[in-house]
Amino acid sequence: MYKLKSLAIIFYLILLTGCAPSVLTWGIKMQAPVPADTLTYSDEDIDLNFLVDDKSINFELKNKTLNGIKVNYDEISYISPGGASLRIVSSNIRFADRFAPQAAVMVPPGLSISETIIPAQNIFFRANDLVYGWDIVPLFPNDAKTYLGKEFGLYFPLEIKGVKKEFIFKFKIISVEKKK
């Protein structure tokens, strides 16, 4: 009887391991404003590096000017693979306040900021028998292969030297790999 219970427990653990969620690695290339194999953009005013993960987009913005650069998070939009423009939330906002106005940030001359942004509509409160708390829907929630060849992006206006400069960053998903 003891051996039978042990085998049942081992079988159950194997099933649980087999059902564990997969982690996806996305191969992404920049399509605009300048096509590139990396997720970096540079001009005379800024260096901007992006990192896309399952639920958010991370960026590092370096100010190369002699003036401050204003980042207004209320003006930045995530452009979904379906073409919808979605409000973003910066990582310093409480999830409960995801639709409230966000403070702009000044990037001093020669310095950088690092930030994580999430579409506000992807944040929700889950209350059921298993989970109670805030959760985030993945950027690409359906079957991973349906996103191959699709584009998504960011509308990313900045105020540089007192002038609004609008960027539209477009990214293309070129590969998807599941890792356990």
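Would you check which residues across segment 31-54 are in contact with a Leu (Cβ under 6 Å, 6 or more places away or on another chain) and modelled with pLDDT under 95 and list them?
Scanning segment 31-54 gives no hits.
With K150, K170, K145, K178 as the choices, which residue is touching a residue at least 60 places away in the same chain (Cβ under 8 Å) and more than 27 Å from D43 (Cβ to Cβ)? So that I can check it myself, show each step before the final result.
On the way: K150 fails: more than 27 Å from D43 (Cβ to Cβ); K170 fails: more than 27 Å from D43 (Cβ to Cβ); K145 fails: touching a residue at least 60 places away in the same chain (Cβ under 8 Å).
Every option except K178 fails the conditions.
Filtering segment 44-101 down to residues that are part of a strand (DSSP E or B) and among the basic types (K, R), which residue is nearest to the chain's Cα centre (by Cα)?
Filtering segment 44-101 down to residues part of a strand (DSSP E or B) leaves 46-52, 57-63, 69-71, 77-79, 85-90.
Restricting the remaining residues to those that are among the basic types (K, R) gives 62, 70, 87.
Details: K62: 19, K70: 21, R87: 12 Å.
Within segment 44-101, the match that is nearest to the chain's Cα centre (by Cα) is R87.
Among Y132, Y147, which is the only one that is over 19 Å from S91 (Cα atoms), loosely packed, with under 14 Cβ neighbours inside 10 Å and among the aromatic types (F, W, Y)? Before the answer, list the steps.
Working: Y147 fails: loosely packed, with under 14 Cβ neighbours inside 10 Å.
That would be Y132, the only listed residue that is over 19 Å from S91 (Cα atoms), loosely packed, with under 14 Cβ neighbours inside 10 Å and among the aromatic types (F, W, Y).
With respect to F95, determine if the residue is of a type outside the set (A, V, I, L, M) and in contact with a Gly (Cβ under 8 Å, 6 or more places away or on another chain).
On the way: of a type outside the set (A, V, I, L, M): yes; in contact with a Gly (Cβ under 8 Å, 6 or more places away or on another chain): no.
In short, no.
Kindly establish whether R98 is modelled with pLDDT of 90 or more, touching a strand residue (DSSP E or B) at 6+ places or on another chain (Cβ under 7 Å) and under 27 Å from G68 (Cα atoms). I'd like the intermediate steps shown before the answer.
Details: modelled with pLDDT of 90 or more: yes; touching a strand residue (DSSP E or B) at 6+ places or on another chain (Cβ under 7 Å): yes; under 27 Å from G68 (Cα atoms): yes.
Against the criterion (modelled with pLDDT of 90 or more, touching a strand residue (DSSP E or B) at 6+ places or on another chain (Cβ under 7 Å) and under 27 Å from G68 (Cα atoms)), R98 qualifies.
Considering only segment 92-107, I want to know if a residue exists there that is surrounded by 11 or more Cβ atoms within 10 Å (Cβ to Cβ), polar (S, T, N, Q) and under 15 Å from D53 (Cα atoms).
no
Only one of I69, I113, I46 is surrounded by 15 or more Cβ atoms within 10 Å (Cβ to Cβ), hydrophobic (A, V, I, L, M, F, W, C) and either free of Cβ contacts under 8 Å to residues at least 60 places away in the same chain or closer than 22 Å to P141 by Cβ (or both); which?
On the way: I69 fails: either free of Cβ contacts under 8 Å to residues at least 60 places away in the same chain or closer than 22 Å to P141 by Cβ (or both); I46 fails: either free of Cβ contacts under 8 Å to residues at least 60 places away in the same chain or closer than 22 Å to P141 by Cβ (or both).
Answer to the check: I113.
The values are calculated or read from the model by the stated rules, or taken from the named source; none is laboratory data. Because the structure is predicted, anything quoted here is derived from the model rather than measured. Ideal geometry is used to build each Cβ from the backbone, glycine not excepted, and the neighbour counts take in all protein chains shown.
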